[in-house]
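One structure below.
Coordinate-derived values only; no laboratory data. No experiment lies behind these values; they were computed from the predicted model shown. Cβ placement follows ideal geometry from the backbone for every residue including glycine, while neighbour counts extend to all protein chains displayed.
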Amino acid sequence: GQRYTLSNAGLLFHGLGATLMTGPTMRRLSMSLCATFILAALPGISAAAVPERRVSHTATLLTTGDILVAGGIKEDGTSLNSAELVKTSNGDPTVATGNIDAGVSRASHTATLLTNGCVLIAGGNISLSTTVAPTPTATARIYNPDTGIFSAAAAMGTPRYNHTATLLNDGRVLVCGG
């Protein structure tokens with residue numbers, strides 16, 4: 001069946017014998033419960049597989065069946081620049097994939113699975129503080145699941161966070177809102 005990226009927009013995907021859902025209502029639950037809810041729906045995967053509990057992140061189902069969890073905000077309110085790969089294909093524990101972008105944490109960004117199996121991470125809020133106004137970014141990164149490495153991608157024309165990104169039939173990504 002079709003597979004979609006999980007994000008704050010509350011999208012869902014079907015695959016691996018389960019339907020997973022996340023969204024704004026999940027923020028009302030503890031992050032621990034959220035992680036348990038998402039992973040409990042996957043056969044053979046436990047909540048212990050996600051080392052960093054987070055909100056305002058993305059979780060992208062890769063073509064291998066593994067899940068790339070990127071960015072977001074930790075329980076203590078600090079932002080994350082890290083990403084983890086939840087290995088659903090062989091039951092291995094989560095693998096840290098490193099930093100999305102050197103020195104830049106992001107939340108409320110998008111993650112779009114591209115036709116070549118890579119993931120485009122675009123935009124996001126890079127100023128994650130209750131005392132500072134949000135600071136959207138136009139930067140974008142590409143995650144390559146074959147190498148496990150993030151690399152630079154062309155920046156968007158306008159800085160955005162809380163936006164949408166849709167893969168078009170011709171392989172381009174349409175970014176709107178935010």
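Observations on the model:
- The order of the peptides 155-163, 58-66 by mean Cβ neighbours within 10 Å, most packed first, is 58-66, 155-163.
- Computed from backbone phi, the HN-Hα couplings of the stretch 57-63 come to 10, 10, 9, 10, 6, 7, 5 Hz, rounded to whole numbers (Karplus: 6.51 cos²θ - 1.76 cosθ + 1.60, θ = phi - 60°; Gly and Pro given as x).
- Between residue 151 and residue 99, the modelled labels are 1.9 nm apart [label points 7 Å from Cα along Cα→Cβ].
- Table column - 3J(HN,Hα) (Hz), the stretch 158-173, Karplus curve with 6.51, -1.76, 1.60, x for Gly and Pro: 9, x, 8, 8, 6, 9, 10, 9, 10, 6, 8, 4, 8, x, 6, 10
- Phi-derived couplings, Karplus 6.51 cos²θ - 1.76 cosθ + 1.60 at θ = phi - 60°, listed residue by residue for the stretch 106-113: 8, 9, 6, 9, 10, 9, 10, 6 Hz, with x used for Gly and Pro.
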